[in-house]
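Written out below as structure tokens is the structure these notes cover.
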Amino acid sequence: MRRIAQDGIDEVRIARIAMDAGVSAALVHYHFESRDSLLAEALEWSYELAGDTRTLDPGPQAGAPKRLAAMIEQCLPLPGHQRDDFMLWVELWLRAARKPDLRPTAARLYSRMHDWFAEVIAQGVDAGELGPCDPGSTADFVVALLDGYGVRALVEDPALDVATARREVWEALAARVGIDA
């Protein structure tokens, strides 16, 4: 995952991945029939690793607003693993736009992220912590905001750093769900 994030899927050398993993290049080729399958598996692994981070979610007792704030934090390209993870998503967007074989991977990962947000939003609406809204469309809204603002923060746009991205996403989501930002 780190090597693809650093070099890009088109530039990464399988021999370098094998060396980083302490295995032979032949073994990497045996398990991954193409760069696309390598990217898809790296994304799945990265998503699962991010899922481990999601255990840092303050939990239902903290309430939907705090949980949503923590979720937004986990989806921004912060230094380290989160930046690498975001780089993999950028690789996926580019490849899936050109290669239909990767579109199911993109759809599956986006569906999981959508469901994660929609579940917390629905719980917040049911508990009266959030105003009435459609959890599904609101989840799509926040994921789109994270993608857009995240890319600008990732490319170090001088007008939009991660802190500004965090604030903008949170303020837009808070307005949509009827809570004070």
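Values quoted throughout were computed directly from the atomic coordinates according to the rules given, and no laboratory measurement underlies them. Owing to the predicted nature of the structure, the values given are computational and were not obtained by experimental measurement. In this analysis, Cβ positions are derived from the backbone assuming ideal geometry, glycine residues included, and neighbour counts consider all displayed protein chains.
Report the calculated FRET efficiency for I14 and A163 (r = Cβ-Cβ distance, R0 = 41 Å), to the nearest 0.05.
Values: r = 38 Å, r/R0 = 0.92.
Calculated value: 0.65.
Determine the gain in length on full extension of the stretch H81-R98; use 0.36 nm per residue of separation and subtract their C-alpha separation, reporting nm with one decimal.
Values: separation 17, 0.36 × 17 = 6.12 nm, distance 2.61 nm.
That works out to 3.5 nm of additional length.
Just to confirm my numbers, what's the Cα centroid distance between the range 154-181 and the range 75-141 in Å?
Centre-to-centre distance over Cα atoms comes out at 16 Å.
Report, in deg cm²/dmol and to the nearest 500, the calculated mean residue ellipticity at 222 nm for the chain, where each DSSP H run with n ≥ 4 adds -39500 (n - 2.57) and the sum is divided by the residue count.
Result for the chain, helices only: -23000 deg cm²/dmol.
At 37 °C and a viscosity of 0.692 mPa s, what translational diffusion coefficient does Stokes-Einstein give for the chain, taking Rh as the Kirkwood radius over Cα pairs? Give it in µm²/s as a whole number. Present the calculation step by step, with values, prior to reporting the outcome.
Details: Rh = 17.4 Å.
After rounding, the answer is 188 µm²/s.
Using r as the Cβ-Cβ distance of S137 and A181, and R0 as 22 Å, what FRET efficiency do you calculate, to the nearest 0.05?
According to the calculation, E is roughly 0.65.
Listing Y30, Y110 from the residue with the fewest other Cβ atoms within 10 Å to the one with the most, what is the order? Display every interim value, and only then the final one.
Working: Y30 10, Y110 15.
If I rank by nearby Cβ atoms, fewest first, I get Y30, Y110.
How far apart, in nm, are the 7 Å Cα→Cβ label points at A62 and L27?
3.8 nm
Over the range 115-179, what is the relative contact order in whole percent, taking alpha-carbon pairs under 8 Å and six or more residues apart? Display every interim value, and only then the final one.
Numbers: 49 pairs, mean separation 22.7, N = 65.
Normalised by residue count, the contact order of the range 115-179 is 35 percent.
What does the charge dipole of the range 35-177 about its Cα centre add up to, to the nearest 20 debye, if the Cβ of each Lys and Arg holds +1 and the Cβ of each Asp and Glu holds -1?
On the way: 15 positive and 23 negative charges, 45 e Å.
It comes to approximately 220 debye.
Quick one: angle between helix 162-177 and the longest Cα principal axis of the chain, in degrees between 0 and 90, rounded to 10, please.
50 degrees
If each of S34 and E73 carries a label point 7 Å out from its Cα toward its Cβ, how far apart are those two points in nm?
4.0 nm
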